[in-house]
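What follows is a set of notes on a single structure, which appears directly below.
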Amino acid sequence: MFDIQKIRADFPILSRQVNGKPLVYFDNGATTQKPQVVIDAIATYYQEINANIHRGVHTLSQLATDAYEASRTKIQNHINAQFAHEVLFTSGTTHGVNLVANGFASLLKAGDEVLVSALEHHSNIVPWQMLCEKTGAVLKVIPMNEKGELVMTEFDQLLSDKTKIVTVNHISNALGTINPIKYMIDKAHQFGAAVFIDGAQAVPHLKPNVQELDCDFYAFSGHKICGPTGTGILYGKEAWLNKLPPYQGGGEMIKEVTFEKTTYAELPHKFEAGTPNIAGGIVLGAAVDYMNSVGFDNIQKQELELLNYATEQLLAIEGLKIYGTAEAKTSVISFNIDGIHPYDIGTIVDKLGIAVRTGHHCAQPIMNFFEIPGTIRASFAFYNTKEEIDVMVEAVKKAKMMLS
Ligand SMILES: *Cc1c(COP(=O)(O)O)cnc(C)c1O
């Protein structure tokens, strides 16, 4: 049973006021709020088992190591990876993209091609540009249409034997488009290209099955699934992770070090140099447990209802335009009102306690496509309600009146 009031009571921040009004938090695409179980798990770690991992023989070190590795296994099961050592702890999606893009520098040569989609977050564009600059590889862009959908016939045309890696998000943070990644993965594999999936906006809404998808890499951030900031996961197929060189050198990632030569540790440690965010990694497991206890069926049902309701209510406002009208779409609404700068609306609704994102959402190429400076983005989570949407719609109407 999905009891929204019970769910909301799990999140202490949802009962606070902002600018004298009850908080309406619609910036879930930027980061999600944290339930009490996650907040408590951070304290419990430091109160009871804090120690460095994978080193000491002492009891606390073993307890911390066991908890950290148990979290890795939990996430392995959650995304259905074949092996636990294919699941790397990172500091977030950005770290995962950089790790892979950096590793590909040793595999690419001038004239090879990297395909990136027009719908990407900057963190899934810039590292690939840096890779291309370093290697002389060429960055090609899979275009999108007016609805914010990637054009698959163009994608098919771009693929060739020169394509070495295709990188695309599972779900767009700016528009909410759910991309046809299964199709893209299968198609890219026909040309021997690897496929990197940026799952940052997908994992809050669905449980990815990496073996079924057959993707080569899948990255996401902990803070967008009710977990702590500074945590994330990079899944990579074993064969690829063995092929890529280490990203950072340091403690923990070595087998043997002499001044003449260092040999690297086995997976996953080869990619986990230095003391990691131990508390964060463990607590990310608690966040995954929490999401599963709510249930992804319930999450999707609630969010779809919110998306449909908010779309209908917002479109009733004259002069309001929604960007991103893909058939397959998640609970993100990017919009503007004729003649009004998104920042001005964001500022007024904030005074009324409503948190929405305004700007380019780290996706300037999408804004350029629509020839706009930015949008107002309301992104809903399962703990949001229709009543909150009513509050936002009234506030947007009020802002429109004040500004036009
Ligand atoms: C948030 C986000 C990122 C970056 O995640 P970080 O947690 O900032 O590393 C990358 N891609 C998409 C689609 C995102 O939504």
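Table: residues versus (1) away from the ligand (no atom under 16 Å from the Cβ); (2) in contact with a helix residue (DSSP H, G or I) (Cβ under 7 Å, 6 or more places away or on another chain); (3) more than 30 Å from Lys321 (Cβ to Cβ).
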| position | (1), (2), (3) |
| --- | --- |
| Asp66 | yes, no, yes |
| Ala84 | yes, yes, yes |
| His95 | no, no, yes |
| Val126 | no, no, no |
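Run Leu88 past the list (1) part of a strand (DSSP E or B); (2) at positive phi and report the number of the one that doesn't hold.
Every listed condition holds for Leu88 apart from (2).
Only one residue in Ile165, Ile142, Ile181 is within 23 Å of the chain's Cα centre (by Cα) and farther than 20 Å from Lys329 by Cβ, so which one is that?
From the options Ile165, Ile142, Ile181, the qualifying one is Ile165.
Check whether at least one residue in segment 309-316 is more than 27 Å from the chain's Cα centre (by Cα), assigned by TED's automatic domain parsing to the domain that holds Ser15 and assigned to a loop (DSSP other than H, G, I, E, B), and report yes or no.
yes
May I ask you to list the residues in segment 97-112 that are outside any helix (DSSP H, G or I) and in contact with a helix residue (DSSP H, G or I) (Cβ under 8 Å, 6 or more places away or on another chain)?
Passing the criteria: Ala105, Leu107, Leu108, Lys109, Ala110, Asp112.
Which of the following residues is free of Cβ contacts under 8 Å to residues at least 40 places away in the same chain and farther than 20 Å from Asn169 by Cα: Gly249, Gly192?
Going through Gly249, Gly192 in turn, the sole match is Gly249.
Give the number of residues within segment 32-47 that are loosely packed, with under 14 Cβ neighbours inside 10 Å and either within 16 Å of the ligand (Cβ to nearest atom) or within 30 Å of Lys255 (Cα to Cα) (or both).
Residues that pass the stated criteria total 1.
Does segment 337-349 contain at least one residue that is assigned to a strand (DSSP E or B) and at pLDDT 95 or above?
Looking for residues that are assigned to a strand (DSSP E or B) and at pLDDT 95 or above, one finds at least one in segment 337-349, hence yes.
The values are calculated or read from the model by the stated rules, or taken from the named source; none is laboratory data. Values in this document were obtained by computation on a predicted structure and should not be read as measured data. In this analysis, Cβ positions are derived from the backbone assuming ideal geometry, glycine residues included, and neighbour counts consider all displayed protein chains.
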